[in-house]
Amino acid sequence: MRAFQVLFAKRLQLTLLTGLVASPWLAPLEVAAESEQLSFLPTPNPATGSSPSVPGTDHPNLIFASFAGLLQQWPNTYAYSGHSIIPGVVPRGTLLYHGTNHQSQTPPPSEGLEWLAFNPEYSYVIHAHRLGQVDLYTYTATRALRVIYFDGQSSSLGTPGFMDSQSVLINGTISERFGDDGRYIQAEYDRAHELCKIGEQWGFEGVVRRNTGFELMWCDFTKGVE
């Protein structure tokens with residue numbers, strides 16, 4: 001089972017990297033006029049007349065480490081404040097899991113937005129705080145699923161930067177404090193709905209994130225899974 005999970009993670013990682021290099025589903029983004037864009041090019045130091053090195057050439061190891069750590073547990077635990085948003089696909093035939101608490105008598109999702117886990121253990125963990133039996137449902141991708149992936153611990157709840165990339169994508173801001181006022185579960189669904197609205201414009205159908213395991217927030221259960 002462990003070997004299968006490692007193999008699957010590598011397969012999905014390669015798929016996401018392929019999507020990053022040449023994603024067929026991302027709609028072209030409008031490019032603002034050059035005069036309207038912020039410049040990140042180095043500017044000469046008036047005191048010395050010297051110019052710093054070009055951005056991105058000082059620490060290529062950090063860029064490589066970001067790519068190498070995609071969809072891996074330890075790199076995203078160590079660097080929990082992710083900064084990358086990666087387009088990709090979940091391959092056709094991938095098994096996905098959803099757990100529900102038996103006592104709540106919640107039926108398996110068949111429409112609308114809900115979460116899926118990439119391994120059955122994580123789908124159990126989500127309901128571990130509730131007493132009683134957990135029902136496990138298995139889904140399969142009936143075609144390639146178009147997704148974006150937030151690296152880091154992007155599904156963790158808190159303020160150390162876990163959800164900064166999502167906040168920037170949704171409304172261009174970063175909250176200084178965790179402002180959900182105890183409505184953590186509802187706030188998660190609100191956040192996912194906002195991302196799905198963006199997906200309708202950009203062409204992705206779900207969001208891959210990580211907490212203690214990797215999950216997929218799938219925007220519409222009537223499409224692509226059964």
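The values are calculated or read from the model by the stated rules, or taken from the named source; none is laboratory data. Only a predicted model underlies this, so the values are computations on that prediction, with no experimental measurement involved. Glycine gets a Cβ as well: all are built from the backbone with ideal geometry, and neighbour counts include every protein chain shown.
Does Val208 fit the bill of being assigned to a strand (DSSP E or B), touching a Phe, Trp or Tyr at 6+ places or on another chain (Cβ under 7 Å) and modelled with pLDDT of 90 or more? It would help to see each step written out before you state the result.
Working: assigned to a strand (DSSP E or B): yes; touching a Phe, Trp or Tyr at 6+ places or on another chain (Cβ under 7 Å): yes; modelled with pLDDT of 90 or more: no.
Taking the combined requirement at face value, the residue does not satisfy it.
Which members of region 127-166 meet the condition of being small (Gly, Ala, Ser) and either modelled with pLDDT of 85 or more or under 19 Å from Ser110 (Cα atoms) (or both)?
Applying the first criterion (small (Gly, Ala, Ser)) to region 127-166 yields 128, 132, 141, 144, 152, 154-156, 158, 161, 165.
Within region 127-166, Ala141, Ala144 meet the criteria.
Name the pairs whose Cβ atoms lie under 7 Å apart, with the first residue in region 165-176 and closer than 13 Å to Asp190 by Cα, the second among the acidic types (Asp, Glu) and surrounded by 10 or more Cβ atoms within 10 Å (Cβ to Cβ), and 6 or more positions between them or separate chains?
Pairs found: Ile170/Glu194.
Which members of region 167-202 meet the condition of being among the acidic types (Asp, Glu), in contact with a helix residue (DSSP H, G or I) (Cβ under 9 Å, 6 or more places away or on another chain) and modelled with pLDDT of 80 or more? Outline the logic, then answer.
Step one: list which residues in region 167-202 are among the acidic types (Asp, Glu), which gives 176, 180-181, 188, 190, 194, 200.
Subset that is in contact with a helix residue (DSSP H, G or I) (Cβ under 9 Å, 6 or more places away or on another chain): 180-181, 194.
Correct list: Glu194 only.
Thr222: of a type in the set (S, T, N, Q), at pLDDT 90 or above, loosely packed, with under 15 Cβ neighbours inside 10 Å and assigned to a strand (DSSP E or B), yes or no?
Working: of a type in the set (S, T, N, Q): yes; at pLDDT 90 or above: yes; loosely packed, with under 15 Cβ neighbours inside 10 Å: yes; assigned to a strand (DSSP E or B): no.
Judged against the criteria, Thr222 is not a match.
If you go through region 188-201 one residue at a time, how many are over 18 Å from Ile174 (Cβ atoms) and surrounded by 17 or more Cβ atoms within 10 Å (Cβ to Cβ)?
The number of residues fulfilling the criteria is 3.
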